[in-house]
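Student: There's a structure below that I have some questions on.
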Amino acid sequence: MLYSGSKSKIAKHILPIMLSDKSDSQWYVEPFCGGGNMIDKVPGKRIGNDANKNLIGFWRAIQRGWVPPDNLTREEYYDIKARQEEVDDCLVAFAAAPCSFGAKWWGGYAFNKAGKNYAAAAKRNIVKQAPSVSDVVFTCVDYRKMYVPENSVVYCDPPYKGTAGYQSSFDTDSFWDWCRATSDSGHSVFVSEIDAPDDFEVVWEKEVGVRMDKNRVSSRVERLYTLKGRSQHG
């Protein structure tokens, strides 16, 4: 699913690094699964967590066979936004992300002069993606409270420090402390970020394009980090 901050463009680069020593018995865990554009490419046992209840409600509905609509008008978009507590989670998430400009959560109704049907395009992508997440265990808790099976491969794509997009304030320092503790517990922890504390090392980096608005494309360096000396615990 289209989702702000998606790592779909770099998945082919970083997944081989993270999964290089993963055994069939190990779980792959994402505390911030977002649009599912990484976890849908991972074989084996998987847990996808997100604190956004609408998003997890969406994924659970997809697993039950829910199919998104072919069309979503501007009026319907803003009606759903105004009545979020009364609307099914799956439809809220569908409108809020892939039907919004830049797939930013409630970033404004997506449209262009060519008359592109963003809802239909999103539906096609989601229907294609659905089989790849059919057996993912989706949970909705704060990442610090989620269950991580023993000796898991944990991939974190948290809200980047200094950027918008998280539903509430995100404590970056606490997050890195959690990564240290999770790694010390025997898990292989990887983090996508632009920068990290000194005790984390870069295991991959690449400059990628980032769309700022409909007229501007900028770039930034994406990096994958792990705690120094703790790349794998296979």
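Student: With a cap of 11 neighbouring Cβ atoms within 10 Å, and only residues DSSP puts in a loop, list the trypsin sites (Lys or Arg not before Pro) found in region 106-144. List each step's numbers first, then the result.
Tutor: Details: sites: Lys113, Lys116, Lys123, Arg124, Lys128, Arg144; in loops: Lys113, Lys116.
In loop regions of region 106-144 (DSSP not H, G, I, E or B), the sparsely surrounded trypsin sites (Lys or Arg not before Pro) are Lys113, Lys116.
Student: In which sequence would Val203, Val67, Val191 go, from the one with the fewest C-beta neighbours within 10 Å to the one with the most?
Tutor: Going from least to most buried by this count: Val67, Val203, Val191.
Student: If you keep only loop residues by DSSP, which trypsin sites (Lys or Arg not before Pro) in region 50-108 have at most 10 other Cβ atoms within 10 Å of their Cβ?
Tutor: Filter output for region 50-108: Arg64, Arg83.
Student: Another question, then. Please report the antiparallel percentage of the DSSP beta bridges confined to region 11-191, to the nearest 5.
Tutor: 10
Student: Based only on other Cβ atoms within 10 Å, what is the fewest-to-most ordering of Tyr155, Tyr3?
Tutor: Tyr3, Tyr155
Student: Now a separate question. How large is ³J(HN,Hα), in whole Hz, for each residue of region 144-158 in order, when computed from phi with the Karplus curve 6.51 cos²θ - 1.76 cosθ + 1.60 and θ = phi - 60°, using x for Gly and Pro?
Tutor: 6, 10, 6, 7, 10, x, 3, 6, 8, 9, 10, 10, 10, 10, x
Student: For the chain, what does the relative contact order come out to in percent, with C-alpha contacts under 8 Å and a separation of six or more?
Tutor: 22
Student: Continuing with this model, one more query. Arrange the following residues from fewest to most other Cβ atoms within 10 Å of their Cβ: Leu15, Leu224.
Tutor: Starting with the residue having the fewest Cβ neighbours, the order is Leu15, Leu224.
Student: Compute the orientation-averaged projected area for region 1-159 from the convex hull of its Cα atoms and round it to one decimal in nm².
Tutor: The directionally averaged projection comes out at 9.6 nm².
Student: Sticking with this one: Hey, if you put +1 on the Cβ of every Lys and Arg and -1 on every Asp and Glu Cβ in the chain, which of Asn112, Gln129, Leu19 ends up farthest toward the positive end of that dipole?
Tutor: Checking the options against the dipole of the chain, the answer is Asn112.
Student: Which value, in debye to the nearest 20, describes the size of the charge dipole of the chain about its Cα centre when Lys and Arg Cβ atoms bear +1, Asp and Glu Cβ atoms bear -1, and nothing else is charged?
Tutor: 920
Student: Next up: Roughly how many nanometres apart are two label points built 7 Å out from the Cα toward the Cβ at Asn125 and Arg180?
Tutor: 3.7
Student: If you don't mind, another one. Provide the net charge surrounding Asp142, with neighbours chosen by a C-beta distance below 15 Å and charges set as Lys +1, Arg +1, Asp -1, Glu -1. If you can, show how the numbers build up before the last one.
Tutor: Working: positive: Lys53, Arg144, Lys145; negative: Glu30, Asp50, Asp171, Asp177.
Counting the neighbours of Asp142, the net charge comes to -1.
Student: Which ³J(HN,Hα) values in Hz, rounded to whole numbers, follow from the phi angles of region 95-100 under the Karplus curve 6.51 cos²θ - 1.76 cosθ + 1.60, where θ = phi - 60° and Gly and Pro get x?
Tutor: Coupling constants for region 95-100: 6, 5, 10, x, 9, 9 Hz.
Student: Tabulate in residue order the Karplus-calculated ³J(HN,Hα) for region 200-206, using 6.51 cos²θ - 1.76 cosθ + 1.60 with θ = phi - 60°, rounded to whole Hz; enter x for Gly and Pro.
Tutor: 10, 10, 7, 10, 6, 8, 6
Student: A follow-up question, please. Under the rule of at least 5 residues apart or a separate chain, name every residue whose amide H is placed under 5 Å from the amide H of Ser152.
Tutor: Ser188
Student: Report, by chain and number, residues whose modeled amide H sits under 5 Å from the one on Phe32, excluding near sequence neighbours (fewer than 5 apart, same chain).
Tutor: Residues meeting the criterion, in which the H sits 1.01 Å from N, are Asn49, Asp157.
Student: Report the full-extension gain for the segment Ala82 to Asp135: residue separation times 0.36 nm, less the Cα-Cα distance, to one decimal in nm.
Tutor: Details: separation 53, 0.36 × 53 = 19.08 nm, distance 3.25 nm.
Extra length available between Ala82 and Asp135 comes to 15.8 nm.
Since every read-out is calculated from the coordinates, none of them should be taken as a lab result. A quick note: this is a predicted structure, and the numbers were derived from the prediction, not measured. We place every Cβ from the backbone using ideal geometry, glycine too, and count neighbours over all the protein chains shown.
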